[in-house]
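Take this structure first; my questions come after.
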Amino acid sequence: MNNFKSLVPYLRLHKNQYLIGTLAVLGGNAAVLMPAYFLGRAIDGLRLFSDANPATPGLGLKELGLLALGIVLATLVSGGLMVGVRRSIVFASRQTEYEIRRDLFAHLSGLDKHYFDRARTGDLMNRLTGDLSAVREMIGFGSWQLATVASSFLVSFAWFFSINWRLTLAVLVVFPFIIGILAYLARQVSMRYVPMQEQNSAISAKAQENFSGARVVKGYAIEDREIAEYKVMNSELIRRALFLNRVEGPLQAFMSLLMGIAYVLVLLYGGRMILGLVPGSPLTLGQFTQFALILERLAWPMLSIGLIANMLQRGMGSWGRLQEIFAARARVHDSGRTDTSIRALQGDIRYENVSLSFDGKQVLSGVTLHIPAGQTLGITGPTGSGKTLLSQLVTRLSDVSEGSVKVDGHDVRNIPLATLRDNIAVVPQEPFLFSDTIASNVAFGLNNDNYRPIETFKSVRHTTPPEARDVQPDMERVKRAAEIAGLAGEIVAFPQGYDTMLGERGVTLSGGQRQRTALARAVAREPRILILDDSMSAVDTETESRILQSLRQVQQGRTVLLIGHRVSTLRHADHIIVLDAGRIVEQGSHEALLAAGGHYADLDRRQRLESDLDEVDGNEVDENEVDGAQVPDSASEPAAPTLSAPRHEEVKR
């Protein structure tokens with residue numbers, strides 16, 4: 001019941017459509033019973049005409065023609081009203097489906113990192129498709145059939161009582177059995193449907209992960225294992241579906257049985273009335289025919305009771321699963337303390353005694369730091385030391401547990417999220433690219449102005465549909481950003497250049513190319529604050545050096561947080577900090593940290609040693625080299641091919 005109350009606001013948006021549809025159902029069901037009345041009148045009239053009794057002349061040809069015309073008109077009226085039902089109730093259900101899907105997507109877009117860290121994509125997709133379809137069927141076809149059943153029984157039994165109340169009571173004998181059986185089976189359907197949908201979600205999530213991770217699955221040659229696990233999950237789905245069908249199956253059978261019992265009662269009791277064997281209960285043949293035909297019209301409504309009960313239980317179960325999404329709340333959001341007058345930022349960042357905890361575990365502790373606007377801060381430290389978390393506090397992907405993070409003197413919790421993030425661009429270590437052209441991926445952060453906020457809980461009939469926009473990327477900015485990211489030369493070699501379509505998540509590019517595309521996307525946005533989270537880990541040192549050289553012109557006047565493990569990445573930063581276990585253990589310039597002889601100096605020493613060893617290995621003379629010519633060694637492995645622009649087949653959609 002609580003689930004249904006939460007659905008009522010959407011139904012209210014279309015109350016007029018549902019009201020008109022309900023009235024049309026009532027009128028249509030009344031009209032569809034009129035042929036039985038006309039036919040009963042005709043039978044009795046013809047019987048009186050045939051007995052040759054002058055006192056009861058019966059019906060003439062003219063009266064029979066009028067009754068026949070009445071049957072035709074009643075059928076036409078009933079059909080027309082059913083068309084009206086479809087154009088009201090069914091249309092309303094489709095519009096409500098759109099509104100719920102729109103509001104679900106808008107709500108999901110407003111949730112934060114904490115929610116999506118725990119949610120499974122396959123499960124969310126199943127809820128937005130399968131569960132939403134079940135809700136639409138419930139409020140569309142389900143509500144239509146519910147109104148049909150209610151109005152059919154109301155009109156039919158009013159007619160039954162007008163014909164013969166004793167025969168009507170005989171039919172009503174079966175109704176307590178109908179109600180009891182339906183109540184029991186409806187509870188069973190509700191209990192068994194949700195677990196089946198949960199298993200559907202698990203299967204969708206499994207498939208989505210395997211398709212996204214196809215390279216890993218094939219790389220480890222574990223296709224058979226994954227297929228076996230998928231088979232087990234499907235077997236469990238079949239078990240749960242059959243468990244549900246054991247309840248759903250008997251519904252129609254029970255309704256058919258009870259309908260047959262009702263026919264037997266009418267035949268036995270009504271037949272005795274026609275023969276005069278029931279004192280004080282006269283029943284004509286025409287009345288009996290009328291009663292039987294109306295009862296026959298009740299066959300579908302009675303048989304559909306099981307279908308409706310099943311549809312309602314499925315719909316309410318699915319709506320409960322959608323309500324779980326609506327009930328989720330973002331931990332990080334604009335609040336009453338948000339200062340909407342803040343419209344622009346310069347990039348001065350200050351951490352004041354910042355601590356951060358997750359589930360009782362402290363991951364940052366007592367961080368105090370000032371990054372003047374326009375300066376570059378280098379951040380390094382062991383894996384898990386809190387480097388990424390430190391940068392996420394600026395973008396408010398997480399909020400501090402203690403202390404404060406300020407930008408331009410404003411606590412980030414006071415800055416509107418849209419304003420804060422509009423002035424920041426982040427290049428993560430594992431970039432996400434879209435199944436679109438390279439140009440569109442680079443320009444993804446551009447052209448975001450002039451989009452009106454989406455109005456939720458509002459009827460689609462009273463909102464202006466959004467305009468379809470064919471926004472073309474600013475190719476000048478795209479090419480300049482690609483040049484800075486060291487990607488422009490490789491894009492030229494692609495089959496369609498900047499119009500080359502990428503596969504899902506950009507899988508047609510190498511790891512380094514994906515990172516540089518993400519870097520170009522951030523650079524093209526021209527943000528006030530640029531966060532590079534180990535964003536050049538997949539490129540070689542020579543390429544990294546060229547990118548950093550190009551980035552220097554971008555860094556002018558911008559605040560840059562440069563996270564990395566290579567000293568070559570950090571050496572030109574204005575200030576460098578070293579994190580360990582969530583604390584700043586060293587800080588200063590590159591030269592000062594080298595002179596201090598701590599973790600940073602040790603990192604530099606180890607990386608220099610690795611570089612020297614690589615040079616020695618590269619300059620060694622192979623024992624198979626003869627007179628300066630390299631002799632192939634059949635036992636040796638061929639050299640690994642260098643990464644280059646993807647082949648034509650690799651970049652096809």
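Of the residues that sit in region 437-454 and are at pLDDT below 80 and under 23 Å from the mean Cα position of the chain (by Cα), which one is surrounded by the most Cβ atoms within 10 Å (Cβ to Cβ)?
Looking at residues that are at pLDDT below 80 and under 23 Å from the mean Cα position of the chain (by Cα), I get I454.
Quick one: in region 237-274, which of the residues that are within 25 Å of the chain's Cα centre (by Cα) and surrounded by 15 or more Cβ atoms within 10 Å (Cβ to Cβ) is nearest to P195 (Cα to Cα)?
Among them, the one singled out is R240.
Shifting gears a bit: Restricting attention to region 371-415, report how many residues are part of a strand (DSSP E or B) and over 28 Å from R566 (Cβ atoms).
So the count comes out to 6.
(1) touching a helix residue (DSSP H, G or I) at 6+ places or on another chain (Cβ under 9 Å); (2) open to solvent by 20 Å² or more (accessible area, probe 1.4 Å); (3) of a type in the set (G, A, S): which one isn't true of S401, the others all being true?
(1)
With the condition kept exactly as written, say whether any residue in region 209-221 is among the hydrophobic types (A, V, I, L, M, F, W, C), over 25 Å from D123 (Cβ atoms) and out of contact with any Pro (no Cβ under 9 Å at 6 or more places or on another chain).
Yes, because at least one residue in region 209-221 is among the hydrophobic types (A, V, I, L, M, F, W, C), over 25 Å from D123 (Cβ atoms) and out of contact with any Pro (no Cβ under 9 Å at 6 or more places or on another chain).
Here are A482, A520: which of them is open to solvent by less than 30 Å² (accessible area, probe 1.4 Å) and free of Cβ contacts under 8 Å to residues at least 60 places away in the same chain?
Going through A482, A520 in turn, the sole match is A482.
Also, I was wondering about something else. Take the residues in region 5-44 that are of a type outside the set (A, V, I, L, M, F, W, C) and within 30 Å of L64 (Cβ to Cβ); name whichever of them is most open to solvent (accessible area, probe 1.4 Å).
Across region 5-44, the extreme among qualifying residues is R41.
Starting from region 437-464, keep only residues that are over 30 Å from F494 (Cβ atoms), then list their pairs with residues that are among the aliphatic types (A, V, I, L, M) and surrounded by 13 or more Cβ atoms within 10 Å (Cβ to Cβ) whose Cβ atoms are within a distance under 6 Å, requiring at least 6 positions of separation or different chains.
Final answer for the pair search is I454/A106; T456/A106; S459/L13.
Collect the residues in region 572-593 that are open to solvent by 60 Å² or more (accessible area, probe 1.4 Å) and either closer than 22 Å to V363 by Cβ or without any contact (Cβ under 8 Å) to a residue 40 or more places away in the chain (or both), keeping them in residue-number order.
D580, A581, R583, V585, Q587, E591
Could you list, ordered by first residue, the pairs with Cβ atoms under 6 Å in which the first is in region 314-339 and of a type in the set (F, W, Y) and the second is open to solvent by 30 Å² or more (accessible area, probe 1.4 Å) and at pLDDT below 90, at least 6 apart or interchain?
Going by the 6 Å Cβ cut-off, the qualifying pairs are W319/N3.
Return the residues of region 536-570 that are touching a strand residue (DSSP E or B) at 6+ places or on another chain (Cβ under 8 Å), farther than 22 Å from V412 by Cβ and assigned to a loop (DSSP other than H, G, I, E, B); say none if nothing qualifies.
Selection gives G564, H565.
While we're here: Of (1) buried (at least 18 other Cβ atoms within 10 Å of the Cβ); (2) among the aliphatic types (A, V, I, L, M); (3) more than 25 Å from the chain's Cα centre (by Cα), I139 satisfies all except one. Which?
(3)
Continuing with the same structure: Please go through region 424-436 and pick out each residue that is open to solvent by 20 Å² or more (accessible area, probe 1.4 Å) and in contact (Cβ under 8 Å) with a residue 60 or more places away in the chain.
Selection gives V426, P428, Q429, P431, F432, F434, S435, D436.
Pull out all pairs, ordered by first then second residue, where Cβ-Cβ is under 9 Å, the residues are six or more apart or on different chains, the first lies in region 241-256 and is more than 16 Å from A186 (Cβ to Cβ) and in a helix (DSSP H, G or I), and the second is of a type in the set (S, T, N, Q) and open to solvent by less than 50 Å² (accessible area, probe 1.4 Å).
Note: pairs meeting the criteria are A241/Q199.
Right, next: Hey, can you tell me all the residues within region 301-338 that are farther than 27 Å from N126 by Cα and not small (G, A, S)?
P301, M302, L303, I305, D334, R337, T338
Looking only at residues in region 157-177 that are closer than 22 Å to M255 by Cα and β-branched (V, I, T), which one is most open to solvent (accessible area, probe 1.4 Å)?
Result: V173.
The values are calculated or read from the model by the stated rules, or taken from the named source; none is laboratory data. Bear in mind that the values here come from a model prediction, so they are computed numbers and not experimental data. With ideal geometry, Cβ positions are generated from the backbone for all residues, glycine too; neighbour counts draw on all protein chains shown. Ligands, DNA and RNA are stripped out before the accessible areas are found, and what is left, the full protein with its side chains, is counted by its heavy atoms. Shrake-Rupley method; radii C 1.70, N 1.55, O 1.52, S 1.80 Å.
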